[in-house]
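J.: The structure follows.
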Amino acid sequence: DTAVSQTPKYLVTQMGNDKSIKCEQNLGHDTMYWYKQDSKKFLKIMFSYNNKELIINETVPNRFSPKSPDKAHLNLHINSLELGDSAVYFCASSQGQGFGELFFGEGSRLTVL
Amino acid sequence: SQQGEEDPQALSIQEGENATMNCSYKTSINNLQWYRQNSGRGLVHLILIRSNEREKHSGRLRVTLDTSKKSSSLLITASRAADTASYFCVSSGSARQLTFGSGTQLTVLP
């Protein structure tokens, strides 16, 4: 059983398109996150939801919109994709709001052509 | 937010040797964690050390924390080829978020 699963694992698309990445966790955690890892492996938090409520929203373009239908799911929708959006996006979850262990998904590599 | 910074950025050692990685952070913390990331995979939690702890062990891992210097170190003893990965320190402060460094790439040569 995969604890944090995200799909798709790979996504190749053209500039200007809209795409979504889905994430689900079966750990019963109440907090979920989206992180972006760039080509230099720097990992930056984008969003965090606690019990479906947005608690962290870092400086991310409005083209990125997270949606949490329930506390086990946190999806990421990206509009009007740009070349600079190419990266690996990681979903993670934790119990509580950010002081404990994070459980990561395997990542979704987005390539914008 | 201010991220932690690992040092060195890359480390290459022979199997059986010890590997030491350092991490510095800038704000006060509740705890500091170390994660490993194998190539093409997600991050995996290794160990957490609380701000009131100075040293912690887990198997071949030893973590130290010096809050006066805002630094931590991760020691992997008797390294194996399977330890080849990127290692990240993560500081957790009052901002209710985990702030990552850019990682140390460890290569263990057989």
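J.: Taking the stretch A:65-85, which residues are touching a residue at least 60 places away in the same chain (Cβ under 8 Å) and surrounded by 18 or more Cβ atoms within 10 Å (Cβ to Cβ)?
T.: A:Ile78, A:Leu81
J.: For the stretch A:80-110, which positions are in contact with a Phe, Trp or Tyr (Cβ under 8 Å, 6 or more places away or on another chain) and of a type in the set (S, T, N, Q)?
T.: A:Ser93, A:Ser94, A:Ser108
J.: Looking at (1) crowded, with 20+ Cβ neighbours inside 10 Å; (2) farther than 22 Å from B:Arg41 by Cβ, find the lone condition where A:Gln6 falls short.
T.: (2)
J.: Restricting attention to the stretch A:86-107, which residues are closer than 30 Å to A:Met15 by Cα and crowded, with 22+ Cβ neighbours inside 10 Å?
T.: Those that are closer than 30 Å to A:Met15 by Cα and crowded, with 22+ Cβ neighbours inside 10 Å: A:Tyr89, A:Phe90, A:Cys91, A:Ala92, A:Ser93, A:Phe104, A:Gly105, A:Gly107.
J.: Moving to a separate point now. Give the residue, chosen from B:Thr107, B:Thr27, that is assigned to a loop (DSSP other than H, G, I, E, B) and more than 14 Å from the chain's Cα centre (by Cα).
T.: B:Thr27 is the lone residue from the list that is assigned to a loop (DSSP other than H, G, I, E, B) and more than 14 Å from the chain's Cα centre (by Cα).
J.: All but one of (1) polar (S, T, N, Q); (2) surrounded by 15 or more Cβ atoms within 10 Å (Cβ to Cβ); (3) more than 23 Å from A:His29 (Cα to Cα) hold for A:Asn62, so report the exception by its number.
T.: (2)
J.: Go through (1) touching a residue at least 40 places away in the same chain (Cβ under 8 Å); (2) within 18 Å of A:Asn50 (Cβ to Cβ) for A:Thr111 and report which single condition fails.
T.: (2)
J.: Quick check on this structure: which one of B:Leu46, B:Leu61, B:Leu74 is within 13 Å of another protein chain (Cβ to nearest Cβ), touching a residue at least 12 places away in the same chain (Cβ under 8 Å) and among the hydrophobic types (A, V, I, L, M, F, W, C)?
T.: Being within 13 Å of another protein chain (Cβ to nearest Cβ), touching a residue at least 12 places away in the same chain (Cβ under 8 Å) and among the hydrophobic types (A, V, I, L, M, F, W, C) holds for just one of B:Leu46, B:Leu61, B:Leu74, which is B:Leu46.
J.: Right, another one. Evaluate the stretch B:11-22: report whether one residue or more is in a loop (DSSP other than H, G, I, E, B) and either in contact with a Phe, Trp or Tyr (Cβ under 8 Å, 6 or more places away or on another chain) or surrounded by 15 or more Cβ atoms within 10 Å (Cβ to Cβ) (or both).
T.: Here is the first cut: in the stretch B:11-22, the residues in a loop (DSSP other than H, G, I, E, B) are B:15-18.
Checking which are either in contact with a Phe, Trp or Tyr (Cβ under 8 Å, 6 or more places away or on another chain) or surrounded by 15 or more Cβ atoms within 10 Å (Cβ to Cβ) (or both) leaves us with none.
So far as the stretch B:11-22 goes, no, none of its residues is in a loop (DSSP other than H, G, I, E, B) and either in contact with a Phe, Trp or Tyr (Cβ under 8 Å, 6 or more places away or on another chain) or surrounded by 15 or more Cβ atoms within 10 Å (Cβ to Cβ) (or both).
Every read-out reported here was derived from the displayed coordinates using simple, explicitly stated rules and does not represent laboratory data. Just so we're clear, the structure is a prediction, and the values are computed from it rather than from any experiment. Neighbour counts are summed over all protein chains in view; Cβ atoms, including those assigned to glycine, are modelled from backbone coordinates with ideal geometry.
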